[in-house]
């Protein structure tokens with residue numbers, strides 16, 4: 001599970017609160033500074049259990065532009081165009097990860113980044129992300145593409161992560177199907193085996209503590 005769980009977005013390194021937004025000239029509202037230490041522990045959402053739970057994407061005051069990467073000049077021109085569209089306006093109250101996802105889909109850049117954005121949204125903005133049906137529909141859409149691109153060594157972990165996500169939308173048939181694929185791949189580790197057993201318990205008992213995204217998963221990553 002190391003490769004998938006090592007995904008971390010390359011947020012603009014020099015971003016500071018009070019800095020001018022690249023579009024609109026408003027002030028940047030920097031993401032909360034948290035001490036995100038390395039840890040082998042994971043939550044059921046697959047997030048590192050490192051004490052970091054707030055959204056890690058800075059946004060511009062006023063227009064809500066999520067600054068999830070350093071945009072090139074050509075990308076900024078496209079982002080300006082996208083921000084005039086209904087799809088942007090209708091999503092400004094959603095998770096900043098969902099806004100970033102929609103922008104990246106419009107830009108058509110790195111094919112891995114849309115799934116990466118949505119996955120980190122489940123990690124660092126879990127309440128808003130898991131409860132948003134549109135967010136979750138897009139997550140499952142991107143997850144299917146991620147499965148097709150994943151290296152064989154990553155598939156067991158990826159299917160397990162998707163299985164847990166399906167428990168959060170009360171689709172236990174899909175959850176079990178992905179869990180069975182994860183187990184059948186046979187790439188057992190201490191963490192993955194414990195994670196699979198916890199997901200199995202959640203599928204069988206929706207009241208299980210392992211259905212809570214914030215619960216620590218058995219084992220270590």
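Just so you know, all these numbers are worked out from the coordinates, no wet-lab data involved. In this text, all values refer to a predicted model and were calculated from it rather than measured experimentally. Positions of Cβ are generated from backbone atoms using ideal geometry, with glycine treated the same way; all protein chains shown enter the neighbour counts.
Here are a few things to note about the model shown:
- Label point distance in nm, residue 153-residue 141, each placed 7 Å from Cα along Cα→Cβ: 3.2 nm
- Semi-axis lengths, Å, the stretch 100-221, gyration tensor of Cα atoms, sqrt of 5 times eigenvalues: 23, 17, 12
- Note on the stretch 97-148: the alpha carbon radius of gyration divided by the globular reference 2.2 N^0.38 Å gives 1.02.
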